[in-house]
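Enquirer: Please see the structure below; I have some questions.
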Amino acid sequence: MHTVLRSATRELVIGPDQPFCIIGERINPTGRPKFQEELRAGDMHRVIEDVHAQVAGGAMMLDVNMGVPLADEAQLLSDAVRLIQSLTDLPLCIDSSVVEALDAGLAAYQGKALVNSVTGEAERLEAILPLVKKYGAAVIALPNEEDEIPEDPAKRLEITRKIVQVATTEYGIPIEDIVIDPLAMPVGANHEYGKWTMQAISLIRDEFGLNTTVGAGNVSFGMPGRHALGAAFLPMAIHAGLTSAIMDARTPQMVESVKAADLMMGNDEWGANWIAAFRAKQKAAEAAAAAGAATAAG
């Protein structure tokens, strides 16, 4: 099953037979007080920096979140969407828990966006899915409800069934435009969470063939050596059926693990992408060495 997203000029296809989709997570002020202060003042220079860094790191889509306390999130999100689309042709994932902000961001967007996100709660389904339908977007859905974030993979599959049924039959959203986030939870809180997440991914893949995504950093939250944990988790999750992740594209260790997994899964024809990335890395290292030598000689 393919989920197709678009900017004004570029198309991105997510699917199990496609290269793994890296969704750059960095354009998000959560936990970044200086960035929040700048956004409240209307200063978006850090958005520009984050766009360039994520694109350079290998992002194939950019998640855009403007959730800033005491600010007009709807205005910020629409402004950010327009700015980012002037800087890159990568498709965008419009990320907000505020319905009005999602509406504003989607209205500003040129193309077919991915909405982040909806849950299985009836109130959220009723609020978010009409926007998804209105703008012809795709949507990330999390299998949790009002009363729980389930640990049991079978329960996550059950809630996924409900979301799919409501989205497709009540709102007419194509099933291929539903991307499930099966809830990656931190292994530091329970050493079995990683295993349960992968089981949920496999169950969802086997029953529906749906594309899936996770917040890759959630798995290692609170643990040391987070990049190594992420680099181990992602290829294992890809084998289980994961087709995208919201992750920091500035982290070479994790990006390389994904690119290696593409080759091992048969989604990098003749290793062309892997070889090209290796040669680019070599060239950058040689250029840096030459610059260092020139500086030393001067």
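Enquirer: With respect to Asp248, is the statement that it is under 21 Å from Glu25 (Cβ atoms), touching a Leu at 6+ places or on another chain (Cβ under 7 Å), in contact (Cβ under 8 Å) with a residue 60 or more places away in the chain and among the acidic types (Asp, Glu) true?
Expert: Spelling it out, it is not the case that Asp248 is under 21 Å from Glu25 (Cβ atoms), touching a Leu at 6+ places or on another chain (Cβ under 7 Å), in contact (Cβ under 8 Å) with a residue 60 or more places away in the chain and among the acidic types (Asp, Glu).
Enquirer: For the stretch 115-125, check the following and say yes or no: at least one residue is of a type in the set (A, V, I, L, M, F, W, C), closer than 23 Å to Pro19 by Cα and surrounded by fewer than 22 Cβ atoms within 10 Å (Cβ to Cβ).
Expert: No, every residue in the stretch 115-125 fails to be of a type in the set (A, V, I, L, M, F, W, C), closer than 23 Å to Pro19 by Cα and surrounded by fewer than 22 Cβ atoms within 10 Å (Cβ to Cβ).
Enquirer: Can you find a residue in the stretch 279-289 that is in contact (Cβ under 8 Å) with a residue 60 or more places away in the chain and assigned to a helix (DSSP H, G or I)?
Expert: no
Enquirer: What are the residues in the stretch 205-237 that are assigned to a loop (DSSP other than H, G, I, E, B) and among the aromatic types (Phe, Trp, Tyr), if any?
Expert: Matches in the stretch 205-237: Phe221 only.
Enquirer: What are the residues in the stretch 97-138 that are among the hydroxyl-bearing types (Ser, Thr, Tyr) and either within 16 Å of Val179 (Cα to Cα) or not assigned by TED's automatic domain parsing to the domain that holds Leu77 (or both), if any?
Expert: Listed by number, the residues that qualify are Ser117, Thr119.
Enquirer: Kindly establish whether Arg279 is in the same structural domain as Val51 (by TED's automatic domain parsing) and among the basic types (Lys, Arg).
Expert: Spelling it out, it is not the case that Arg279 is in the same structural domain as Val51 (by TED's automatic domain parsing) and among the basic types (Lys, Arg).
Enquirer: So the check is Cβ under 8 Å with 6+ separation or different chains; which pairs have a first residue in the stretch 187-203 that's surrounded by fewer than 20 Cβ atoms within 10 Å (Cβ to Cβ) and a second one that's of a type in the set (Lys, Arg)?
Expert: Leu203/Arg156
Enquirer: Pairs under 6 Å by beta carbon, first residue in the same structural domain as Met185 (by TED's automatic domain parsing) and surrounded by fewer than 21 Cβ atoms within 10 Å (Cβ to Cβ) in the stretch 139-168, partner outside any helix (DSSP H, G or I) and acidic (Asp, Glu), six or more apart or different chains?
Expert: Glu145/Glu121; Glu146/Glu121
Enquirer: Also, I was wondering about something else. Counting just the residues of the stretch 230-241 that are within 12 Å of Gln199 (Cβ to Cβ) and aliphatic (A, V, I, L, M), which one comes out surrounded by the most Cβ atoms within 10 Å (Cβ to Cβ)?
Expert: Residue satisfying both the conditions and the ranking: Ala237.
The values are calculated or read from the model by the stated rules, or taken from the named source; none is laboratory data. As the structure is a prediction and not an experimental result, all values here were calculated from the model. Don't worry about glycine lacking a Cβ; one is built from the backbone with ideal geometry, like all the others, and counts go over all protein chains shown.
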